[in-house]
1. Does Thr53 satisfy the condition of being surrounded by 15 or more Cβ atoms within 10 Å (Cβ to Cβ), in a strand (DSSP E or B) and at pLDDT 75 or above?
2. Can you find a residue in the stretch 310-329 that is surrounded by fewer than 18 Cβ atoms within 10 Å (Cβ to Cβ) and without any contact (Cβ under 8 Å) to a residue 12 or more places away in the chain?
3. Which is touching a His at 6+ places or on another chain (Cβ under 9 Å) and modelled with pLDDT of 95 or more, of Gly163, Gly179?
4. What number goes with the only condition from (1) modelled with pLDDT of 95 or more; (2) not in a strand (DSSP E or B) that Glu509 does not pass?
5. Quick one: how many residues across the stretch 197-222 are under 23 Å from Pro82 (Cα atoms) and modelled with pLDDT of 70 or more?
6. Assess whether Lys436 counts as being in contact with a helix residue (DSSP H, G or I) (Cβ under 9 Å, 6 or more places away or on another chain) and assigned to a helix (DSSP H, G or I).
7. Just checking, how many residues over the stretch 321-343 are outside any strand (DSSP E or B) and basic (Lys, Arg)?
8. Please pick out the residue among Leu83, Leu144, Leu95 that is part of a strand (DSSP E or B) and touching a residue at least 40 places away in the same chain (Cβ under 8 Å).
Amino acid sequence: MPSTGQRLWVGHAAVAVLCVALVALIGKLAYIQVRLRPSLLEWAQRRQTSTITLPGSRGKILDRRQRVLVGSHDQLTVFADPLLVTEKADTARALAGILGLTARDILARLERNPNSRYVVLKRGVSPEEARAIDRLDNCPGIGLVNEPARVYAMGTLAAHVVGFVGLDDDGRLGRGLAGIELACQEVLKDSPGRRVVFWDAKRQKAMFQDAGAYVEPRDGLDVILTIDAAIQEIVERELANALAKFKAQATMCVVMSPKTGEVLAMAVAPTFDPAEPGRFPPERWRNRLLTDPVEPGSVFKPFILAGALQAGLTRPSEVIYCNMGLYVIGRRQLSDHHPYGNLSVEQIITKSSNIGMAKIGERMGNRRMYETLVSLGFGRPTGIDLPGEDRGLLMPLRRWNSYTTSSVPMGQEVAQTPIQLITAFCALVNGGRLPKPYVVAGVVDRAGNVVEDRRPREEFPQVITPEAAETIKQILIKTVNEGTGRPAALEHWQVMGKTGTAQVPWSPEARRAGQRKGYEPDAYLGSFMAAAPGDDPQIAVLFMVRKPQRSIGYYGGTVAAPSVKVIMQEVLTYLNVPHERTKPTEQTTHLVDLRD
């Protein structure tokens, strides 16, 4: 039996051990509290909280009557926090049957970024799928969130104008990549907010952090266009009809206000779906009206004649001998579609004589022709507020030669974009002032308050004298009433215009690949450029058919003028433009040569 001293010693030893253990425990607690506290707090913060991005809504794109062309709406997205998904394989199998995905695909997404706190599993989740996910048990780390998606409310309408938006690295809406979406990116874009959220073990929101950590998202501003959706529908319907009827490579059309420069409609066919641009080849995205200079052919003739009239070098009634359809200039031979003898200057346009225009060009000389074209805006961008505009091709005067003197008046040796052509045409029919085309009328906030008015305020420059412009206008009226533009004549409004048929040069790629020069065989561009009404033009239209099937038709008066007639009839009616007293003259009843 232990003695009293032994028992006392054991008691003291036990107390000592207990004290040492207590000191060690206190030291351990102090170590945890002082040394490990920051890392443990960080670990807990990482496990229990996350910062949620709160997206704003990208601004809408509206037509001139504030009809929605492009908007945004919320869509449900199912996401995972891989750090909280304890049984990845079981979770993948459970979700696969709900989301219509394979378990292997879901598992791959979970394991691809194991340290990420936000992995999208599927966007555009239906309400039924969302309810099924909410009912899942033992699937921590899976959640649902609303994200904005871009909606093209009118489908493919005005696709080349509105453009489309790309996605960022997380698959969310990113920057605009084409059209207005790109041109007005800084206006349309939203500013995302953020909120720190505490989660429970089932990845359900338990509470929000204090208000100081909350940043409110800001919606983008809305853009109002000059485009009219109703006019755009008319134009796109006619483009599709002409594309199919003439089995063409492409058709394109622009409708403008000659007075203001507002673009009322702009379209190219075939088109694409801006909601899914990746399903279409990139060349479909290109707005050919801005990006593709063309050799214009006979639609170019009125611009040269305007310069000659303004300089006093000719007059409409002057008679010029057109050599019965064959004119030899040195080693060059020029021909007309029809053997003409004496033609007045007015008839040279109405009948579209190449020889007559070549002789007017010789009278003008290279410098005066060049200066006329520069004043009308050729050789430089129009400045339209859409991306991708080409400057066209107008060679420097030092490179002009004797061939140029007779080629340019026929619309050869130059290449201009359709938007340049219709803009210069507006100057011919509006009294000689060169407008600046534009498609963005202004910017408004969600309450409808005007933030920015983008309508031009400066006065358009006078590039052609009013007298010369009026003379050209009367000649263009006769071209429709008596000449090649007759298929575009309307009963209640006087139309003025000019047809054109140009050969299509080989593409640069084809020239490089096959050492080809000159023009592609049986490849034409049929055009018609027109305005109405005659007394006070409200609309100007340029319609082009690229590479129609020759056996069906390829002259501008055949492939383009009838479509312009339909467009003008419906648009003038839609705009409630009063009927004119003037009707097509009796001379329009006889057959005319539509070759041009």
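The values are calculated or read from the model by the stated rules, or taken from the named source; none is laboratory data. Just so it is clear, the model here is predicted, and its values are computed rather than measured. Quick reminder, even Gly has a Cβ in these numbers, built from the backbone with ideal geometry, and neighbours come from all protein chains shown. All accessible areas refer to the heavy atoms of the entire protein, side chains included, with ligands and DNA or RNA removed. Shrake-Rupley method; radii C 1.70, N 1.55, O 1.52, S 1.80 Å.
1. No: the conditions fail for Thr53.
2. Yes: the stretch 310-329 contains one or more residues that are surrounded by fewer than 18 Cβ atoms within 10 Å (Cβ to Cβ) and without any contact (Cβ under 8 Å) to a residue 12 or more places away in the chain.
3. Gly179
4. So Glu509 meets the others, but not (1).
5. Matching residues across the stretch 197-222 total 0.
6. No: the conditions fail for Lys436.
7. Residues that pass the stated criteria total 1.
8. Within the list Leu83, Leu144, Leu95, the selection yields Leu144.
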